[in-house]
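J.: This is the structure I have questions about; it appears just below.
The values are calculated or read from the model by the stated rules, or taken from the named source; none is laboratory data. This structure is a prediction, so every number in the text was calculated from the model and none was measured. In this analysis, Cβ positions are derived from the backbone assuming ideal geometry, glycine residues included, and neighbour counts consider all displayed protein chains.
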Amino acid sequence: MTPSPIKALIAQLTSDIGALRATLEQSGKVTAAQFGKVAERLERAERAQAEPVAKLAKIGETVERLERRAPTPTPPAPAAPAAAAAAAEVTGSINPAHPSVPEPKPKPTIIDDYVVRKVFDGVALVEGRRGIIEVEPGSTLPGAGRVEEIRRQDGRWVVVTNKGLIVPPR
């Protein structure tokens, strides 16, 4: 008795499906391995990018501290007794040590975990480890805080949060 053509066809299809499954599994493994390599390269690139930014931030903080150091004031020349009495009189409204020097504004911290990719109609696309996120004033970014403002600064877009600035990549 010879097998019927339908049974032969079913056997052939079963064999083909088995081969297809094996090929699909192999393809999935290769894809997962390639994805892992790409993710590893991306992590290395992010770390390499963050290192110079951190060094620049540290240098900037050092420069700010040096700028904040006020030069030691020179003592006034000896004055006549009447002038000395007038000079000693304090009215209390003006700081005699630095009457015209305003307090320096501290520079905001640069948040290294995110970069600004694009801004359109008051909405910014920022990229971080979790991918690209759309933010607008009032949004909260994990690790960066609440978005306060999106503005142009020094010819580039920045996202201002309550923890610092998110800037475009350099």
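J.: Condition test on Ala8, is it modelled with pLDDT under 75, surrounded by 10 or more Cβ atoms within 10 Å (Cβ to Cβ) and not assigned by TED's automatic domain parsing to the domain that holds Arg130?
T.: No; evaluated as a whole, the condition is false for this residue.
J.: Take Arg130 and tell me if it is within 26 Å of Ala39 (Cα to Cα) and either modelled with pLDDT under 90 or among the β-branched types (Val, Ile, Thr) (or both).
T.: For Arg130, the condition - within 26 Å of Ala39 (Cα to Cα) and either modelled with pLDDT under 90 or among the β-branched types (Val, Ile, Thr) (or both) - is met.
J.: Now for a different question. In segment 153-169, which residue that is outside any strand (DSSP E or B) and free of Cβ contacts under 8 Å to residues at least 60 places away in the same chain is surrounded by the most Cβ atoms within 10 Å (Cβ to Cβ)?
T.: Restricting to residues being outside any strand (DSSP E or B) and free of Cβ contacts under 8 Å to residues at least 60 places away in the same chain, the top hit is Val167.
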